[in-house]
Structures are given as C-alpha cells and as structure tokens.
1. Does Tyr41 count as surrounded by fewer than 12 Cβ atoms within 10 Å (Cβ to Cβ) and in contact (Cβ under 8 Å) with a residue 24 or more places away in the chain?
2. Any idea how many residues of the stretch 1-19 are surrounded by 15 or more Cβ atoms within 10 Å (Cβ to Cβ) and within 13 Å of Thr40 (Cβ to Cβ)?
3. Restricting to the stretch 40-72, name every residue that is more than 16 Å from Asp11 (Cα to Cα) and assigned to a loop (DSSP other than H, G, I, E, B).
4. Look at the stretch 1-41 and say how many of its residues are in contact with a Ser or Thr (Cβ under 9 Å, 6 or more places away or on another chain), β-branched (Val, Ile, Thr) and closer than 15 Å to Met63 by Cα.
5. So, of the residues in the stretch 1-35 that are of a type in the set (Ser, Thr, Tyr) and in contact (Cβ under 8 Å) with a residue 24 or more places away in the chain, which turns out to be nearest to Gly54 (Cα to Cα)?
Amino acid sequence: MEKIYDSHIIDEFEGWNGDSIYQLDNGTLWKLTVYQYNYTYSYRPKAIIYSNQGSYFLEVEGMGEAVQVNQV
C-alpha cells in the first residue's frame with residue numbers, strides 16, 4: 001500500500017460507525033465503504049490514508065487495522 005496522507009482526525013474520534021464521516025486536519029473528508037462498528041474514544045488521533053489498487057484505506061492510531069474508505 002502507498003501512503004497518501006499522514007494526518008490527524010480533527011477533534012474527537014469515537015471509533016468506527018458505518019455512517020460517520022471522518023475529517024482529517026488537512027481538510028479531507030472520508031467515509032467507510034462497508035458498515036463497521038467498533039467504539040473507542042480518543043482526541044485527535046494520528047490517521048493515515050493509504051492507496052492500494054484504486055481503493056483507499058484509513059488507519060487510525062489505536063484501532064489496529066485499516067478500513068476501506070471513500071473520499072467525500
């Protein structure tokens with residue numbers, strides 16, 4: 001996978017929720033492509049966007065795995 005953005009989630013992060021939109025401090029918005037739910041709380045966690053064969057993945061510090069997202 002190729003790293004596209006190395007950033008932080010703005011404000012509070014409350015884990016994965018299938019209909020949430022995640023904003024990075026570089027101004028981009030990302031939404032999960034498949035419903036997932038996993039609650040955790042952190043404030044401004046590190047976030048990395050990867051690209052792999054035309055798909056994008058969001059990895060958030062403390063979540064353990066990258067999830068597929070689309071840019072909004």
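1. Criteria met by Tyr41.
2. 4
3. Gln53, Gly54, Met63, Gly64, Glu65, Ala66, Val72
4. Residues flagged as in contact with a Ser or Thr (Cβ under 9 Å, 6 or more places away or on another chain), β-branched (Val, Ile, Thr) and closer than 15 Å to Met63 by Cα within the stretch 1-41 amount to 1.
5. Thr33
Rule-based calculations on the coordinates, nothing more; no lab input. Everything numeric in this text was worked out from a predicted model, so none of it was measured. Heads up, the Cβs are rebuilt from the backbone with ideal geometry, glycines too, and the neighbour counts pull from every protein chain shown.
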